[in-house]
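Student: After the structure tokens below, expect a handful of questions from me.
The values are calculated or read from the model by the stated rules, or taken from the named source; none is laboratory data. What you see is a predicted model; the values in this text were computed from it and never measured. Positions of Cβ are generated from backbone atoms using ideal geometry, with glycine treated the same way; all protein chains shown enter the neighbour counts.
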Amino acid sequence: MTKKRRKAPHSPTPPRRTGFWFRFLTMAAVVLAVVCCMTLFFQVREIHVTGNHLYTAEQIVDACGISRGDNLVTIKKANAASLIMSSLPFVESVHIERSLPDTVEITVTESDVTFAIRAQNETYYLMNTQGKILQEIQTANAPDYPNVEGLTVTEPTTGAVIYVPEEETESKEAALSLMQLLTDYGIAGAVRQIDVDKPYDLRLYYGGQYEVLLGAADNLDYKIEYLVAVLQELGEDKSGIIDLTFEEEKTARFQPY
């Protein structure tokens, strides 16, 4: 009897890699398409600037480092804002937004009221309410701004916050608080001088009419608010000393010259 031959088992067929290469090529095509779209369709064509009044839009655009033709998606907003603030010291803050498909929106806030301070090198500088030095000015022009006295400013650098010795830290903080409050209440422009030489005996000189005694730096917000009310009551015809130290009683005292 003839024996039937058994068929040898088939070796497993190696899996085809067609599916893998298809998926790979598909993904590569998608990535290439996205890159092409970003390059071709999301280029910066317009740069809009708002909030500026001291600098021109052209100056701000030149300082930001963003150029027309740059990729809108890949621009570095933080870097652009930093470039603007370091190049244009009167700019206090910058906000940058992308507006598809081709526009960059730059919103800046600039210093409105500036103060003059004399450094150890006998040169006058303008600074904002945060104490950032904005620019050097001629000595003859210093009286055009509210002057801050009583601080020892060393190594002044445009675009940097003023540096004072450690023992004057309290005076510096008092000066910055006063500068901000006077600006917020809208009377900084009429102030001739702020004296913070003694942090427990703060004084300011309002126009050519009034010397204002503020005492220590506590409750400065209330004292400046009170000062605004006193100035409105006194009017423009009087001159003298306005005492807001509240050492003897909780009301302001006025002593005419």
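Student: Looking at segment 58-70, which of the residues that are among the small types (G, A, S) and over 7 Å from Q43 (Cα atoms) is surrounded by the fewest Cβ atoms within 10 Å (Cβ to Cβ)? Steps first, answer last, please.
Tutor: Taking segment 58-70 and keeping what is among the small types (G, A, S), we get 63, 65, 67, 69.
Those left that are additionally over 7 Å from Q43 (Cα atoms): 63, 65, 67.
Values: A63: 19, G65: 16, S67: 11.
If we take residues in segment 58-70 being among the small types (G, A, S) and over 7 Å from Q43 (Cα atoms), then S67 is surrounded by the fewest Cβ atoms within 10 Å (Cβ to Cβ).
Student: If you don't mind, another one. Just need a number here: residues in segment 100-128 that are in contact with a helix residue (DSSP H, G or I) (Cβ under 6 Å, 6 or more places away or on another chain), at pLDDT below 95 and in a strand (DSSP E or B).
Tutor: 0
Student: Moving on to the next point. In segment 201-211, is there at least one residue being of a type in the set (K, R), surrounded by 14 or more Cβ atoms within 10 Å (Cβ to Cβ) and under 22 Å from Q120 (Cα atoms)? Give the steps one after another, and end with the answer.
Tutor: Applying the first criterion (of a type in the set (K, R)) to segment 201-211 yields 203.
Still in the list and also surrounded by 14 or more Cβ atoms within 10 Å (Cβ to Cβ): 203.
This time we only want the ones that are under 22 Å from Q120 (Cα atoms), so: 203.
Looking for residues that are of a type in the set (K, R), surrounded by 14 or more Cβ atoms within 10 Å (Cβ to Cβ) and under 22 Å from Q120 (Cα atoms), one finds at least one in segment 201-211, hence yes.
Student: More than 21 Å from F42 (Cβ to Cβ), outside the structural domain of A160 (by TED's automatic domain parsing) and touching a Phe, Trp or Tyr at 6+ places or on another chain (Cβ under 9 Å): which single residue out of V91, V73 fits that description? Reasoning before the result, please.
Tutor: Values: V73 fails: more than 21 Å from F42 (Cβ to Cβ).
Being more than 21 Å from F42 (Cβ to Cβ), outside the structural domain of A160 (by TED's automatic domain parsing) and touching a Phe, Trp or Tyr at 6+ places or on another chain (Cβ under 9 Å) holds for just one of V91, V73, which is V91.
Student: Follow-up. List the strands (runs of 3 or more DSSP E) that sit entirely inside segment 138-257 and contain at least 3 residues that are at pLDDT below 95.
Tutor: It comes to 253-256.
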